[in-house]
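Data block below; observations after.
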Ligand SMILES: Cc1cc2nc3c(=O)[nH]c(=O)nc-3n(C[C@H](O)[C@H](O)[C@H](O)COP(=O)(O)O)c2cc1C
């Protein structure tokens, strides 16, 4: 087990939360259903949904989800306080347990809409948005943001930003511990090039100690989680959870060990199977096959658009490549999902024989 027993001897803030990051095109309802089969206690976040999409689009298409996905938060993109309030109301009505405002996305499309990371330069407007949402709904409002903009390495901006939102009543901040560069870097580069400065998150927590601070950015392994847990109230993981979802099978046991150090690391996932056994990966795969085969559960999605999320399930295991090739083979699109499942299993068995 990767979880460090050393954690028993350090003071970690409680309650402590683990969450999977909002990721556009990735953390759709199917992906979240899949992640929930592997971890029961992690918070899951939707992809960003813009206020425009909720106010003028098909609300059900954006907000429908399976009750099994909870605890679940809706991430909103927008800046107009009245629109944010209406979008938050839709979210609450649809059963989301937290509404999160995106103040961290640096994409040009989002900048053209004047929201995302560029809102860090407009703390008064964001504070008005927070107040409007808090007046409109009972569920908590959180903000996801960066630690600064462009080449400005001082912490004055982020401290003022958090300070104004804190005064407005916000008590949960998810901090991607990098600056966002609004010019010159693509969104992908913006997740890799600006250096990670976790110490800025620690300082924010010290300055606003009654608020919850969740650290995000570059956390991949359980050892990274051990290292990042101190001085914050939670950890959010994005890409590593998507590409290697089995890492989530350690999370419930890790959380249990934080809450009750003497109880050890007993895994508490839905499947009650040893966290790193292959048998339990098989069970998760089969549960997803049942999900894909049941239009009532999957909202009628084609299996192919669901299966893309499970491709990392056997990451690092023998036969994973052949198995993945079956599940991502577009020539099989017209075949029933059960046939594809059998082919994927056969690929694993073939690999085991050679
Ligand atoms: C494909 C992709 C899409 C993303 N979409 C969003 C988004 O909709 N909202 C958001 O706040 N962050 C988004 N992010 C950023 C992640 O939430 C996270 O902050 C970032 O990936 C850093 O965490 P990581 O190093 O654990 O991946 C996205 C990241 C990726 C890789």
- Quick one: in region 172-185, of everything that is modelled with pLDDT of 95 or more and touching a helix residue (DSSP H, G or I) at 6+ places or on another chain (Cβ under 9 Å), which residue is farthest from residue 209 (Cα to Cα)? 181
- Item | For residue 114: the one exception among (1) on the phi > 0 side of the Ramachandran plot; (2) at pLDDT 95 or above | (2)
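Right, residue 313: in a loop (DSSP other than H, G, I, E, B) and either outside the structural domain of residue 248 (by TED's automatic domain parsing) or farther than 23 Å from residue 38 by Cα (or both) or not?
Values: in a loop (DSSP other than H, G, I, E, B): yes; either outside the structural domain of residue 248 (by TED's automatic domain parsing) or farther than 23 Å from residue 38 by Cα (or both): yes.
Yes, satisfied.
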- Query: Taking helices (runs of 4 or more DSSP H) that fall entirely within region 218-260, which contain at least 1 residues that are away from the ligand (no atom under 11 Å from the Cβ) and farther than 23 Å from residue 104 by Cα?
  - Reply: 222-228, 251-259
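Output the number of residues of region 263-298 satisfying the condition of being modelled with pLDDT of 90 or more and either part of a helix (DSSP H, G or I) or more than 24 Å from residue 324 (Cα to Cα) (or both). So that I can check it myself, show each step before the final result.
Let us first name the residues in region 263-298 that are modelled with pLDDT of 90 or more, namely 280-298.
From what's left, either part of a helix (DSSP H, G or I) or more than 24 Å from residue 324 (Cα to Cα) (or both): 280-293, 295-298.
Total meeting the criteria: 18.
Taking region 16-44 as the region of interest, how many residues are over 8 Å from the mean Cα position of the chain (by Cα) and either more than 12 Å from the ligand (Cβ to nearest atom) or crowded, with 22+ Cβ neighbours inside 10 Å (or both)?
Keep residues of region 16-44 that are over 8 Å from the mean Cα position of the chain (by Cα), which gives 16-18, 24-26, 28-42.
Subsequent filtering for residues that are either more than 12 Å from the ligand (Cβ to nearest atom) or crowded, with 22+ Cβ neighbours inside 10 Å (or both) retains 16-18, 29-42.
Qualifying residue count, region 16-44: 17.
So is residue 208 within 16 Å of the ligand (Cβ to nearest atom), crowded, with 17+ Cβ neighbours inside 10 Å and without any contact (Cβ under 8 Å) to a residue 60 or more places away in the chain or not? Outline the logic, then answer.
Details: within 16 Å of the ligand (Cβ to nearest atom): no; crowded, with 17+ Cβ neighbours inside 10 Å: yes; without any contact (Cβ under 8 Å) to a residue 60 or more places away in the chain: yes.
For residue 208, the condition - within 16 Å of the ligand (Cβ to nearest atom), crowded, with 17+ Cβ neighbours inside 10 Å and without any contact (Cβ under 8 Å) to a residue 60 or more places away in the chain - is not met.
The values are calculated or read from the model by the stated rules, or taken from the named source; none is laboratory data. All of these numbers come straight from a predicted model, not from anything done at the bench. Here Cβ is always computed from backbone atoms with ideal geometry, including for glycine, and neighbour counts include all displayed protein chains.
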